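K.L.:
Below: one structure in structure tokens.
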Amino acid sequence: MTKIRHKNIMGVPLSDKEQSYEEIHKLYKSGVSVSVKEHRSGFPAVTVDCGDIHILTDCLSLEEWWAKVKKEGRD
């Protein structure tokens, strides 16, 4: 079994993180499954896997982005 390498985007600007989240959301809306798991580091971080996208990101920016998506009715 091959271990998936997650691209760490925790230190990138919020606009870049949101671009990754939007790409994942687009895949999700087209029927690709999304997996979000707590990262073992103990830091408030998650791994997100969707198709060929595998990222490590902080929970707060992802939650804030998702709240914005829901408020806009794009969920």
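Bear in mind these aren't lab numbers, they're just calculated from the coordinates by the rules spelled out. Since the model is a prediction, treat every value here as computed from it, not as a measurement. With ideal geometry, Cβ positions are generated from the backbone for all residues, glycine too; neighbour counts draw on all protein chains shown.
K.L.:
Pick from the range 31-61 the residues that are among the polar types (S, T, N, Q) and exposed (fewer than 12 other Cβ atoms within 10 Å of the Cβ): which of them is nearest to Arg74 (Cα to Cα)?
P.N.:
Restricting to residues being among the polar types (S, T, N, Q) and exposed (fewer than 12 other Cβ atoms within 10 Å of the Cβ), the top hit is Ser33.
K.L.:
Check Ile4, Ile9 and return the single one that is of a type in the set (Val, Ile, Thr) and farther than 17 Å from Glu64 by Cβ.
P.N.:
Ile4
K.L.:
Something else about it: Among (1) hydroxyl-bearing (Ser, Thr, Tyr); (2) outside any helix (DSSP H, G or I); (3) surrounded by 14 or more Cβ atoms within 10 Å (Cβ to Cβ), there is one condition Tyr28 misses while meeting the rest; what is its number?
P.N.:
Among (1) hydroxyl-bearing (Ser, Thr, Tyr); (2) outside any helix (DSSP H, G or I); (3) surrounded by 14 or more Cβ atoms within 10 Å (Cβ to Cβ), the lone unmet condition for Tyr28 is (2).
K.L.:
Considering each of Val46, Val69, Val12 in turn, give the residue that is assigned to a loop (DSSP other than H, G, I, E, B) and either out of contact with any strand residue (DSSP E or B) (no Cβ under 9 Å at 6 or more places or on another chain) or among the aliphatic types (A, V, I, L, M) (or both).
P.N.:
Within the list Val46, Val69, Val12, the selection yields Val12.
K.L.:
Please tell me if Cys50 is within 20 Å of Thr2 (Cβ to Cβ) and touching a residue at least 12 places away in the same chain (Cβ under 8 Å).
P.N.:
Judged against the criteria, Cys50 is a match.
K.L.:
Then there is this: Here are some residues: Glu72, Glu64. Which one is exposed (fewer than 12 other Cβ atoms within 10 Å of the Cβ) and of a type in the set (D, E, K, R)?
P.N.:
When all the criteria are applied, what remains is Glu72.
K.L.:
Same structure again: Conditions first: (1) hydrophobic (A, V, I, L, M, F, W, C); (2) over 26 Å from Gly73 (Cβ atoms); (3) touching a residue at least 24 places away in the same chain (Cβ under 8 Å). Leu14 passes all but one, so which condition is the exception?
P.N.:
That leaves (2) as the condition not met.
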